[in-house]
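The values are calculated or read from the model by the stated rules, or taken from the named source; none is laboratory data. As the structure is a prediction and not an experimental result, all values here were calculated from the model. Note: ideal-geometry Cβ built from the backbone for every residue, glycine included; neighbour counts use all protein chains shown. Just the protein is used for accessible areas: all its heavy atoms, side chains included, with ligands, DNA and RNA removed. Shrake-Rupley method; radii C 1.70, N 1.55, O 1.52, S 1.80 Å.
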Amino acid sequence: MTLTIPGFDHVRLPGADGVELAAAVGGSGSGSPVVLLHGFPQTHLMWRHVAERLADEHAVICPDLRGYGASDKPAATDPGVYAKRTMAADVVALAAALGHERFALVGHDRGALVAFRAGLDHPETITHLGLLDVVPTLDMWNVLHGVSAAVGYHLYLMAQPPGLPEAMIAGSADAFFGSFLDAWANDPTAIPEEVRAHYLRASAAAVASIVADYRASADIDVTHDQADLDAGSQLAMPVAVVQQDWGARLGYDAAGVWKAWAPDLDHRLTRAGHFMAEEAPDEIAAMIRGLLTR
């Protein structure tokens, strides 16, 4: 049985290119729509606390990204299958299937990279953009240097050609995915055992597509970001970024990186760990409410 957000309906809806996405849908039908995108190694369930806090005032849609959870996992027959551009098109199509031609979009980790691309590619659709604990893909590679890059070893592993990364991860899936749940949480109790087991099952069943998602971020996603940078493209909507103090840890100006992409920026640091929507749901829900008033 798929774990989902209490009180929400669990549905399947069309994304792009014939792919279907699973999503938890709930909240106020008369409220403005908010789409919440999960990160790695998780599913839409990571939004359970935040979604419940927003549900009184907003229509809340929490999909599993393509390649994750209960959503379709198409074979990566070309780099575009898991390009963030394609995954952003999934989200726009899913919202349209629910009758939402314009909506606010908030993403965490991998979902934040999808949200960033959606904001650049679909400025007429995304009204507000919230991004949790990332920098854009192009900048991500640029800020990793020397031994400090070890914190992102998985980025380099999954960037390798098809075959070896998938075999290595599949051979120790629980240890691999579980290591991130352990290392990245300041408050391990925020991910109870039932939820942790769900994340591990879902990730173990999606090794090939998760690796393909990451591999795209070492290839086609960089190409797309560089093209936008060269063209001077920026995010036209109000943007809020909440992240750990990665700038201090890795030696770069995190707010400055984001300001180059987002002129209308609210950049905040948090004391919560990487899984901040689960560790500090009141803080994240308040950030989203504040973003939507801008």
Can you give me the number of residues within the range 236-251 that are part of a helix (DSSP H, G or I) and open to solvent by 40 Å² or more (accessible area, probe 1.4 Å)? 3
Kindly indicate the residue of the range 200-210 that is open to solvent by 30 Å² or more (accessible area, probe 1.4 Å) and part of a helix (DSSP H, G or I) and also farthest from MET276 (Cα to Cα) among those meeting that condition. ALA208
Looking at (1) of a type outside the set (Ser, Thr, Tyr); (2) at pLDDT 95 or above; (3) open to solvent by less than 30 Å² (accessible area, probe 1.4 Å); (4) under 28 Å from ARG85 (Cβ atoms), which is the one condition that is false for ALA254? (2)
Could you check the range 221-237 and list, in sequence order, the residues that are among the β-branched types (Val, Ile, Thr) and within 17 Å of the chain's Cα centre (by Cα)? VAL222
List pairs: first in the range 240-259 and without any contact (Cβ under 8 Å) to a residue 24 or more places away in the chain, second aliphatic (A, V, I, L, M), Cβ under 7 Å, 6+ apart or cross-chain? GLY247/ALA254; LYS259/LEU265
Out of all the residues in the range 179-191, is one or more of a type in the set (Val, Ile, Thr), closer than 29 Å to ALA75 by Cβ and surrounded by 19 or more Cβ atoms within 10 Å (Cβ to Cβ)? no
Filter the range 223-232 down to the residues that are of a type outside the set (D, E, K, R) and open to solvent by less than 40 Å² (accessible area, probe 1.4 Å) and list them by number. HIS224
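Results for (1) farther than 24 Å from GLU283 by Cα; (2) not in a helix (DSSP H, G or I), shown as yes or no for each residue.
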| position | (1), (2) |
| --- | --- |
| ALA212 | yes, no |
| VAL222 | yes, no |
| GLN226 | yes, no |
| GLN234 | yes, yes |
| ALA255 | no, no |
Go through the residues of the range 77-87 one by one and say whether even a single one is over 22 Å from LEU155 (Cβ atoms), part of a loop (DSSP other than H, G, I, E, B) and of a type outside the set (Gly, Ala, Ser). yes
What are the pairs with Cβ atoms under 8 angstrom where one residue, in the range 177-199, is more than 17 Å from ARG271 (Cβ to Cβ) and in a helix (DSSP H, G or I) and the other, located anywhere, is basic (Lys, Arg) and open to solvent by 40 Å² or more (accessible area, probe 1.4 Å)? Sequence gap at least six, or different chains. GLY178/ARG196; LEU181/ARG196
Which of the residues spanning the range 260-294 are assigned to a helix (DSSP H, G or I) and among the charged types (D, E, K, R)? GLU278, GLU279, ASP282, GLU283, ARG289
Look through the range 257-287, keep the residues that are surrounded by fewer than 15 Cβ atoms within 10 Å (Cβ to Cβ) and among the basic types (Lys, Arg), and return whichever of them is nearest to ASP182 (Cα to Cα). ARG271
Six or more apart or on different chains, Cβ under 7 Å: which pairs go from a residue in the range 47-73 that's touching a residue at least 12 places away in the same chain (Cβ under 8 Å) and more than 17 Å from HIS10 (Cβ to Cβ) to one that's among the small types (Gly, Ala, Ser) and open to solvent by 20 Å² or more (accessible area, probe 1.4 Å)? Could you list them? LEU54/GLY27; ASP56/SER28; GLU57/SER28; HIS58/GLY27; HIS58/SER28; HIS58/SER32
Within the range 108-120, is there a residue that is touching a Ser or Thr at 6+ places or on another chain (Cβ under 8 Å) and either hydroxyl-bearing (Ser, Thr, Tyr) or over 29 Å from ALA272 (Cα atoms) (or both)? no
